[in-house]
C-alpha cells in the first residue's frame with residue numbers, strides 16, 4: 001500500500017512539473033532586462049553609431065524599461081517615460097516630452113556569415129504606438145533572429161531606426 005501511495009505521489013509530482021514547463025512555454029530567454037539607457041549626447045546622430053545603429057538627433061532619457069527576448073525571436077518591451085532629455089542642447093519647449101507617434105525596436109546580434117566570418121545582424125520590428133507627450137509604449141513582436149544571436153543589444157528607436165534607448169546600462 002505504501003509503495004502504491006509513493007508511486008502515485010511521484011507520478012502526480014512529475015505530471016505537475018511537466019504541466020508547469022508546458023504552461024511556461026518552455027522557451028529559453030536570450031536576454032531579460034529591467035533597465036535601458038537613453039541616448040546620451042556623444043551618441044546622438046551618426047558619429048558614434050553602435051553596431052551600425054545611429055543615435056537619435058538629440059539626447060533622450062527613459063524613466064523605466066523592461067523586457068525580454070527569447071531564442072525563438074519573441075520580443076517584448078515595456079518603456080515608460082522615453083522622452084527628450086533635460087539638456088541644454090535640447091530646445092526648452094520639448095524637454096521632458098516625446099514628440100514621436102511611433103517607436104520601433106531593433107535587435108542587434110553578433111552572428112556569422114560562415115564558420116570563419118563574423119557579422120552584425122540588425123533585425124527591426126514594425127511600428128508600435130507611443131504616447132505623446134509621455135513616451136510610454138509596449139512593443140511585442142516576433143522576429144527572425146540570425147543563428148547564432150550572440151551578445152544581443154535591444155534598441156527602442158524612431159520610425160526611421162535612430163535609437164532613443166538601449167539595453168546594456
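Derivation of every value follows stated rules applied to the coordinates shown; laboratory data play no part. Quantities reported herein were computed from a predicted structural model and do not represent experimental measurements. Every residue, glycine among them, receives a Cβ derived from its backbone with ideal geometry; neighbour counts consider all protein chains shown.
Mean separation of Cα pairs under 8 Å and 6+ residues apart, divided by the residue count of the range 72-169: what relative contact order is that in percent? Display every interim value, and only then the final one.
Working: 212 pairs, mean separation 34.0, N = 98.
Rounded, it is 35 percent for the range 72-169.
Could you tell me how many degrees, from 0 to 90 and to the nearest 10, lie between the Cα long axis of helix 2-23 and the main elongation axis, the longest principal axis, of the Cα atoms of the chain?
Approximately 20 degrees, to the nearest ten.
Rounded to the nearest 500, what is the 222 nm mean residue ellipticity of the chain from helices alone, with -39500 (n - 2.57) per DSSP H run of 4+ residues and division by all residues? Let's see the in-between values first.
Numbers: 1 runs with 22 residues, N = 169.
About -4500 deg cm²/dmol.
Could you calculate the FRET efficiency of residue 132 with residue 66 from 1/(1 + (r/R0)^6), where r is the beta carbon distance between them and R0 is 25 Å, rounded to 0.05?
On the way: r = 21 Å, r/R0 = 0.85.
With a Förster radius of 25 Å, E is 0.70.
With each label point set 7 Å from Cα along the Cα-Cβ vector, what nm distance links residue 35 and residue 110?
2.2
Neighbouring Cβ atoms within 10 Å as the yardstick, rank 47, 97, 157 fewest first. Display every interim value, and only then the final one.
On the way: 47 9, 97 14, 157 24.
Listing 47, 97, 157 from fewest to most nearby Cβ atoms yields 47, 97, 157.
When the scattering of the chain is computed by the Debye formula from its Cα atoms alone, each counted once and equally, what is log10 I(q)/I(0) at q = 0.09, 0.11 Å⁻¹?
Scattering profile of the chain, log10 relative to I(0): -0.39, -0.52.
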